[in-house]
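The next block holds one structure in the form of structure tokens; read it before the comments.
Values quoted throughout were computed directly from the atomic coordinates according to the rules given, and no laboratory measurement underlies them. As the structure is a computational prediction, the values presented were derived from the model and not from experiment. Reconstructed Cβ throughout: ideal geometry from the backbone, glycine too, with neighbour counts over all protein chains shown.
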Amino acid sequence: MTEITSNRVDWRALWASGDLARFCFVSLGILLHATNETMVATVMPAMVGELAGVQLVGWSLAIYELGAIVAGAAAGRLVSYVALRSNMMVAALLYAVGALICATAPSMPLFLAGRLVEGFGGGALVSLAFVSVERLFPRNIWPQLFGIISAIWGVAAFSGPMLGAIMTEFLSWRWAFGIFTFGGAAMALASFIVLNTPEATKPQAGGTPQPFPYSALACLALSVMLIAAAGIDIALFRSSLLLLLGLIGLTLFFRIDALRPRSRLFPSPLFSWRSPLGCGMTMVAAFSVATCTFTIYGPLLLTTLHDIPLLTTGYIIAAESIAWSVLSIVIANAPLERERLIIVVGALMIASGLAGFAYTIPAGSIPLILLCALLQGGGFGVCWPFLTRVIVASAREGEQTIASAAVPTMQRIGYAVGAALAGIIANASGFSEGLNRDAAASVAGWLFLAFVPLGVFGCLAALRIYSAANRPRLAAG
């Protein structure tokens, strides 16, 4: 076992023990998932040009996130019944099959089917990587392993858009998915070879496994699909009815989750503004729904309206991710007494970037678009670590673990719902008639503006957290 003294790690000894090499391999699943997730934005213009189906663009993220949510929840429970190595192999193969379907899809519906399978595989790989930390490695190196995971997410956030843009420019968007087909197949084969320890080849022993939230996740999936379906063929009565049913379904999802304490995904009280936890989860939901629009439609609009090269749009999306990573590191050592003020500053940055896109995307000014991307990504980097800490610290006794896992789960749900809502707005604004410059101009004018109220709502939740922290001081004064 690797010795750690004075909070320092002997990385050479850790590598010699085989733990670091094994973990780097396990983390490749995170790299595959995260890189693919961010790559799609820059291949979207070329893909839509070949497959058509611009009305279904919002589904590409929504259905991927749904698959990842379901598989992520399932993978952590399946290790109680099936060996970790077997789980990893199946997840990698699912991922490879999904990527292959996407790479060879002759139409948008089949491409979306591939995205769903990819989401199942990718979500399971991420969940299993975190399970692996607990199952395969000594507790005293967990902080360092989680630090490596954070670095991998940063690398993926940068490399994904760039990979998509480069492959599309020099080969084809299909080859961008082809690479992940080979990557998933290679990981499945390597999992059989590398994960050969007793901990990886036997099911988890002892304890009572948590029940799987079948009803809650089924309700969530149906709700997002109803919202997304409302935007395919815009008609006032039909679309309004599907949207209303979808929103009711989301409410029912959270209600079912609250009534299943042994399988719940979220802490309580989830959205109550009487607690910092409720305000924080409101922020997570509002900003996740509101900010996925640029990733989905930004490159498509910029190339259609202003003939901006895909490589340039890749740089812009990568810059947003880099701003998130860099500022989260820079602000990490800020004093705890400032954390709630920092949350407000970050929320204002996110809302400013979101509102700025409503002007800069139609105008086509690359410096201003880059500034908005830096504001939005940097805002997340500033406030997200502290927001997560406030949410976990405010959770009820015994719900801290649920609260820490709830933040990324809520993000994924927000991205799925936001993508579905963005599809409705984009199609209602002009994409229902096909992809052309006039339709893109109309969509760019409304798409980002429609989500500004959610950005304002997120800022109000942040201010509520700040005022709740200062109220006891004012009373004491």
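Annotations
- Packing, as the average of other Cβ atoms within 10 Å across residues, places the peptides 375-384, 87-96 in the order 375-384, 87-96, highest first.
- Charge context of residue 254, other residues only, Cβ under 13 angstrom, K/R +1, D/E -1: +2
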